[in-house]
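Below: the structure, in structure tokens.
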Amino acid sequence: MAVDFFEDANQLISGQVFLINKPYKWTSFDVVRKLKGALSAYYKSFHSGESEIRKLKIGHAGTLDPLATGLLILCTGAYTKKISDIQDAEKEYTGTIVLGGNTDSHDLESIVIPRNNVQMPETDAIHSAAQNFLGKQMQTPPAHSAVKVGGKRAYQLARQGKEVEIKPKEIEIKAFEITRIELPSIDFRVVCTKGTYIRTLAYDFGEVLCTGAYLSALCRTRIGEYKLEDALDPLLFARQITDNQVL
């Protein structure tokens, strides 16, 4: 289908918001790079005869890990000033936690280290553990994260085998719903504030249950009022832009 988010290319400079469904194993930067190239070329095609063309700014509001999928919001032009406001909005995620082991990154980016002699919890204990995480709390981001430590990204230091000391931050879990239990896998829905690491939540969840746990799947379904169901496939969108089918 054609995309009709803007009537002419100049609206990219005045500002647009695009909702993108980030694919699995793409980085957030991959999405920006793919669409910035297509959008910039589209914009320049309308100003090819001009001696000076304004450079198109584009950025994303809220990084998603490569192994996560779901809603990534891109802003262009003047709307890049709205990025911080969008990042501050409430987030919703769905995903799967696997009990019975741990990984260094708290997800499948690292090798799974099984825990021996683990007794799987009863259903009531699982639901009760989830309820214990509701409310405001201090959470320490994982070593394999984009948090800056001494001017470098924590994941860069962690991959070099260096010790990473990260200060905890206050977050709030507004909802932690268990939607399916098929042990050792548990599906969930979480509503939380900015800065919450669902990978860390999965790890802490496993510690409460004394089983160990890691995140095996994650999808961001909402940022504030923006919803994944309204998002576009980046490859399809880029192709439509290239074919001038966005009008």
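For the stretch 198-238, residues that are surrounded by fewer than 22 Cβ atoms within 10 Å (Cβ to Cβ) and of a type in the set (Phe, Trp, Tyr) total 1. On inspection, LEU35 does not qualify as at pLDDT 90 or above and under 16 Å from ARG220 (Cβ atoms). Report whether or not ALA125 is part of a helix (DSSP H, G or I) and closer than 17 Å to PRO184 by Cα. Answer is yes for this residue. The set of residues from the stretch 178-197 being within 19 Å of the chain's Cα centre (by Cα) and farther than 26 Å from ASN116 by Cβ comprises ARG189, VAL190, VAL191, CYS192, THR193, LYS194, GLY195, THR196, TYR197. LYS55: in contact with a helix residue (DSSP H, G or I) (Cβ under 9 Å, 6 or more places away or on another chain), among the charged types (D, E, K, R) and modelled with pLDDT of 75 or more, yes or no? Yes: the conditions hold for LYS55. Note on the stretch 183-222: residues that are of a type in the set (A, V, I, L, M, F, W, C) and farther than 25 Å from LYS167 by Cα amount to 5. Looking at this structure, is GLN87 touching a Lys or Arg at 6+ places or on another chain (Cβ under 7 Å) and on the phi < 0 side of the Ramachandran plot? Yes; evaluated as a whole, the condition is true for this residue. The residues of the stretch 21-39 that are basic (Lys, Arg) and either part of a helix (DSSP H, G or I) or under 21 Å from LYS227 (Cβ atoms) (or both), listed by number, are LYS22, ARG33, LYS34, LYS36. Here's a check for you: in the stretch 203-239, which residue that is farther than 26 Å from GLN137 by Cβ and in a strand (DSSP E or B) is farthest from the chain's Cα centre (by Cα)? The residue in question is LEU232.
Flag set for TYR79, criterion: farther than 30 Å from SER216 by Cβ and either surrounded by 15 or more Cβ atoms within 10 Å (Cβ to Cβ) or touching a residue at least 40 places away in the same chain (Cβ under 8 Å) (or both). Can you say whether THR200 is in a helix (DSSP H, G or I) and among the β-branched types (Val, Ile, Thr), as far as the supplied structure shows? In short, yes.
Among the candidates ALA231, ALA217, ALA238, single out the residue that is at pLDDT below 95 and closer than 30 Å to ARG33 by Cα. Answer to the selection: ALA238. The number of residues in the stretch 58-89 that are part of a loop (DSSP other than H, G, I, E, B) and either under 16 Å from VAL191 (Cα atoms) or not acidic (Asp, Glu) (or both) comes to 9. In the set (1) in contact with a helix residue (DSSP H, G or I) (Cβ under 6 Å, 6 or more places away or on another chain); (2) modelled with pLDDT under 85, the condition left unmet by LEU71 is number (2).
The values are calculated or read from the model by the stated rules, or taken from the named source; none is laboratory data. Quick caveat, the model's predicted, so the values are computed rather than measured. Every residue, glycine as well, gets a Cβ built from its backbone with ideal geometry; the counts of neighbours run over all protein chains shown.
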